[in-house]
Amino acid sequence: MLNFARGRRESRSNRPLSLGGMDYPDPKRKNNFVGKIILAAALTALCIIMLKQSPSFNPTSTFSRRESGVTHVLVTGGAGYIGSHAALRLLKDSYRVTIVDNLSRGNLGAVKVLQQLFPEPGRLQFIYADLGDPKSVNKIFAENAFDAVMHFAAVAYVGESTLDPLKYYHNITSNTLVVVEAMAKHRVRTLIYSSTCATYGEPEKMPITEETTQVPINPYGKAKKMAEDIILDFSKNSNMAVMILRYFNVIGSDPEGRLGEAPRPELREHGRISGACFDAARGIIPGLKVRGTDYKTADGTCIRDYIDVTDLVDAHVKALEHARPGKVGIYNVGTGKGSSVKEFVEACKKATGVNIKVDFLPRRPGDYAEVYSDPSKILRELNWTAQHTNLQESLQVAWRWQKSHRDGYGTPMVVSS
């Protein structure tokens, strides 16, 4: 190679020897060049190792390819109370499960329990992500071969929704739009949507059927109805299989004591009545606050249809089994009977064995007097009916988990029943 790069001012001692038009490079330069190659190779190898160890890098992941006879279900909000119970049931039934949760309301401890129960490769994976980030959601769909989506992820407190409505429209309505768009883009054609009886508002006639007019009276119910409308409008011009489950007040926990309900302490004020009862029974709060005693009901307190979480997830699995392309199913999931708040409190006292102090306060904004379901359609079409309809028994099961997990999904404690 001819060397025109150096001028004559270069000292002769530093110039390479030339013979017959060929340069003989300086040995020091050769050593530097080889060293740089070795360093680059080492850095490349290190990067590859780090990428392979990263959860997001696995080009041959079982979750990224379809397998005959295996249904891969994305469970959004799968670290939450209901979502984790649904994931447990799906795993028990040999489904492949991917949980996506941003842990704003869910518990990583619940995911760890599921991972310990189902450690086999290709059974369960957890992805930390926010459904409000379209890029993250599209990446998840691109890297995983989903057959169906069970969409649980949502903030879900009526009282909180009246105080911070925009959070609910973003978290429920907007996020559902992101999920449906990703499903359309990546051709995932089965959606089981976790909706609520709050979309009905306060109907004049009981029990509530699927034909009851939806007139929600709080932002939670309105946001859920908007999400339903998005799904239904999209389904009209697609071949999507859609099942919408409007369920009522959820109680109970896994009968084998593996999972339970552990809401954030700062959300206790907005939480379910069962959680408040247990907190009062454990002395975490001084007593139970019952809001509203002047409703047009037999004892003046609200009447609700309480559905055990085990029955609820069974309804979701049956909906998945019956989902068909191009078909839409809408079902109420409840027991078909209502219980008043006062009746619920008495059942909780018996279940816990604690004479819980009760304070009666004015109504909470956005609440309605009486809501219970007519579940005959889901029985007729999906052969589903609630099996756990005794309030006290469901509360006793949940209480056992509460007693043995005083720190929620922190360090479990062994407590005799």
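The values are calculated or read from the model by the stated rules, or taken from the named source; none is laboratory data. This structure is a prediction, so every number in the text was calculated from the model and none was measured. All Cβ positions, glycine included, derive from the backbone under ideal geometry; neighbour counts span all protein chains shown.
General remarks:
- Residue within the range 239-252 that is surrounded by 14 or more Cβ atoms within 10 Å (Cβ to Cβ), under 20 Å from the mean Cα position of the chain (by Cα) and over 27 Å from residue 175 (Cα atoms) present: yes
- Some residue of the range 346-363 being part of a helix (DSSP H, G or I), at pLDDT 95 or above, under 17 Å from residue 272 (Cα atoms) and small (Gly, Ala, Ser): yes
- When residue 180 is tested against (1) under 11 Å from residue 220 (Cα atoms); (2) in a helix (DSSP H, G or I), just one condition goes unmet, and that condition is (1).
- Filter result (of a type in the set (Ser, Thr, Tyr) and in contact with a strand residue (DSSP E or B) (Cβ under 6 Å, 6 or more places away or on another chain)) within the range 243-280: 247, 274
- Just one of (1) of a type outside the set (Val, Ile, Thr); (2) in a helix (DSSP H, G or I); (3) free of Cβ contacts under 8 Å to residues at least 60 places away in the same chain fails for residue 132. It is (2).
- Residue check for residue 350: touching a Pro at 6+ places or on another chain (Cβ under 9 Å), free of Cβ contacts under 8 Å to residues at least 60 places away in the same chain and under 21 Å from residue 387 (Cα atoms): no
- Pairs linking a residue in the range 393-411 that is assigned to a helix (DSSP H, G or I) to a residue that is buried (at least 17 other Cβ atoms within 10 Å of the Cβ) and among the β-branched types (Val, Ile, Thr), with Cβ atoms under 6 Å and 6 or more positions apart or on different chains, are 394/251; 399/352.
- Any chance residue 213 is of a type in the set (S, T, N, Q), surrounded by 19 or more Cβ atoms within 10 Å (Cβ to Cβ) and modelled with pLDDT of 95 or more: no
- Test for residue 188: is it assigned to a loop (DSSP other than H, G, I, E, B) and more than 22 Å from residue 307 (Cα to Cα): yes
- Here residue 213 fulfils each of the conditions (1) assigned to a helix (DSSP H, G or I); (2) free of Cβ contacts under 8 Å to residues at least 40 places away in the same chain apart from (1).
- Odd one out for residue 326 among (1) farther than 26 Å from residue 402 by Cβ; (2) surrounded by fewer than 16 Cβ atoms within 10 Å (Cβ to Cβ); (3) out of contact with any helix residue (DSSP H, G or I) (no Cβ under 9 Å at 6 or more places or on another chain): (3)
- Conditions (1) touching a residue at least 40 places away in the same chain (Cβ under 8 Å); (2) buried (at least 19 other Cβ atoms within 10 Å of the Cβ): number failed by residue 106: (1)
- Of everything listed in (1) within 21 Å of residue 393 (Cα to Cα); (2) buried (at least 23 other Cβ atoms within 10 Å of the Cβ), the single unmet condition for residue 288 is (2).
- When each of 305, 374, 279 is tested for being surrounded by fewer than 21 Cβ atoms within 10 Å (Cβ to Cβ), within 22 Å of residue 388 (Cβ to Cβ) and within 27 Å of the chain's Cα centre (by Cα), the lone residue that passes is 374.
- Test: residue 280 is farther than 24 Å from residue 163 by Cα and touching a Leu at 6+ places or on another chain (Cβ under 6 Å): yes
- Candidate set: the range 390-417, residues that are among the hydroxyl-bearing types (Ser, Thr, Tyr) and under 29 Å from residue 161 (Cα atoms); chosen: the one modelled with the lowest pLDDT: 409
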